[in-house]
Amino acid sequence: KFRELIVRWFQFGAFCPIFRLHGHRDGAKDHDRCATEGYNEVWEFGDEAFAAISDVMRLRESLRPYVQAGLDLAHTRGTPLLRPMVFDFGDAECVNATTQYMFGEDYLVAPVLEYRGVSRPVFLPTLPEGHSWVHHYTGETFEGGTTHTVPTTNLSQFPLFKRTTKS
């Protein structure tokens, strides 16, 4: 259970203004013990968790210029990097979509909150003509203004959508 949880924490954490793992542990007393008095290095959480965590760490690193621009905007204009969807969108459903949020103006993040969840509902707000939502992992295009059921069985993926211009 902990291995799935740590991956889901990383997926959420990568889309927070500050993203880091830190802490101090003396090492595991028992090699398979992860939660308390266990290892603190990401490669110690097992191969599947390590692969998923590594992917999300690379994703966050690839977003460094985007994050910096968002933090600069927060500093100069007070526009938060992590914000509720009602900050950017007028859809009434955005008020009730309390377990998903915007990371800047382009990324919609819907963290997986259920252990071994097979799917989760995600409301994608209405976008202007010529724009759509694209699932980061599958490349599938979604129209806004409706709720979609998104699969969550793949530990290496989570509902992450980018606002894009249709080509």
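The values are calculated or read from the model by the stated rules, or taken from the named source; none is laboratory data. Values in this document were obtained by computation on a predicted structure and should not be read as measured data. Only protein heavy atoms, including side chains, enter the accessible area calculation; ligands, DNA and RNA are left aside. Shrake-Rupley method; radii C 1.70, N 1.55, O 1.52, S 1.80 Å.
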Problem set entry | Residue-normalised accessible area of the chain, given per residue in Å² at a 1.4 Å probe | 58 Å²
Seminar exercise, completed: Computed over the chain, the convex hull of the Cα set has an average projected area, in nm², of 10.7 nm²
Exercise. Which value results when the Cα radius of gyration for segment 112-167 is divided by 2.2 N^0.38 Å?
Worked result: 1.16
Exercise. Can you pull the accessible area of Thr79 for me, 1.4 Å probe, Å² to the nearest 10?
Worked result: 30 Å²
Problem set entry | Ser54 - accessible surface, heavy atoms, 1.4 Å probe, Å² rounded to 10 | 20 Å²
Exercise. Top to bottom by accessible area (1.4 Å), largest first, where do Trp133, Trp9, Trp43 land?
Worked result: Trp43, Trp9, Trp133
For this session: Output the relative contact order of the chain, whole-number percent, from Cα pairs under 8 angstrom with separation of 6+ residues.
Result: 20 percent
Exercise. Carbon and sulfur together cover what percent of the accessible area of the chain at a 1.4 Å probe radius?
Worked result: 52 percent
Exercise. Length gain on complete extension for the stretch Asp106 to Cys16, per 0.36 nm per residue less the alpha carbon to alpha carbon distance?
Worked result: 31.0 nm
